[in-house]
Amino acid sequence: MPPKLDINKAGWEQSDFPILCETCLGDNPYIRMTKQEFGKACGTCARPYTVFRWNPGAQSGSRQKSTVVCQTCAKVKNICQTCLLDLEYGLPVQVRDTALGLERSAPTSDINREYYAQNHDGKDQGTEGARKAAGAGKEMLKQLARTDPYYKRNRPHICSFFVKGNCTRGDECPYRHEMPTEGPLAKQSIQDRYHGKSDPVARKILAQHADSQGLKPPDDASITSLFLTSLPASATDTSIRTVAVNSLPFLEPDAIRSVVHVAKTRCAFVNFTTRTSAERAAEAWANGLDVDGERVGVRWGKAKKAAAPKAAAAA
Ligand SMILES: [Zn+2]
Ligand SMILES: [Zn+2]
Ligand SMILES: [Zn+2]
């Protein structure tokens, strides 16, 4: 008799080997994985999937790891099923998508997600995005990429008793005896990390990178403009706006209040409606912006001089 198809399990995922980054896989060549069919609900789509558990490096005192999202969801975003970092760059989804100007929305219905994943097998969003990505965004990812395995991430969790000052296990304690240094960074939700929004780790990486590129947000919070330099002669108000809007898909199109192009000096001001939008844009454009195939410089705008003193000086 042929096996009966269990209609209740239609759409549940079975797999033989997880999609993992090198770090999560670990440095132990004799890795032993346990596999549990429909062992858990996926952390993002909630469908039951095949859960894998293993110890990435028994000798170095690593903790046991397990997959937290299903394979379909991982493929859609080109990420590791365990750490949710991009498989190519080792970076949070939010960092990758900001740099590449990728749309953050992943398919939300099950059917769409399946379809999307099937169509993206082997040509996932990450690489597809990278191919069409403007040079500046790609350059930014290369600078930020963590491509070597980073096994420290596999260490045991910090001992919660030690943090409270009352662990009695001493040297026998399997957890780490050190104080946590990254408070809010530990409070990350799988959903936010997966969808690439409100991810505190990504926020920190992006802000630090913008700082390092000379785009530290000015102290004067009334400044909400970015200044573009060395624009190509072909640039117009419209073409600059189009490039800006397309490279910032995570902002509402009306986040850009206006574009003021000064053709004579090949400069332009991009004025944002809010300071937050301007900061997100500065992070996305940390390595410059590509307009009509040319790399354009990005700087923060200067504070508007109050009109009154000027009039007074003229008088
Ligand atoms: Zn899933
Ligand atoms: Zn991983
Ligand atoms: Zn302890």
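Here the 3J(HN,Hα) profile of the range 36-44, calculated from phi with Karplus coefficients 6.51, -1.76 and 1.60 at θ = phi - 60°, is 10, 5, 6, x, 8, 8, 4, x, 10 Hz, Gly and Pro shown as x. Taken one residue at a time, the phi angles of the range 241-249 give Karplus couplings (6.51, -1.76, 1.60, θ = phi - 60°) of 4, 4, 4, 4, 4, 5, 8, 10, x Hz. Gly and Pro are set to x.
Roughly speaking, to the nearest percent, how much of the range 201-300's 1.4 Å accessible area is carbon and sulfur? Percent of accessible area from carbon and sulfur atoms in the range 201-300: 53. Once the cut-off is 15 Å, how many percent of the Cα-Cα pairs in the range 200-285 end up in the long-distance tail? Cα-Cα pairs in the range 200-285 separated by more than 15 Å: 58 percent. Solvent-free Debye calculation, one equal scatterer per alpha-carbon of the range 139-215: log10 I(q)/I(0) at 0.12, 0.18, 0.20, 0.24 Å⁻¹ equals -0.52, -0.95, -1.05, -1.19.
The values are calculated or read from the model by the stated rules, or taken from the named source; none is laboratory data. Because the structure is a prediction, the values reported are computed rather than measured. SASA here: full protein model, heavy atoms, side chains in, ligands and nucleic acids out. Shrake-Rupley method; radii C 1.70, N 1.55, O 1.52, S 1.80 Å.
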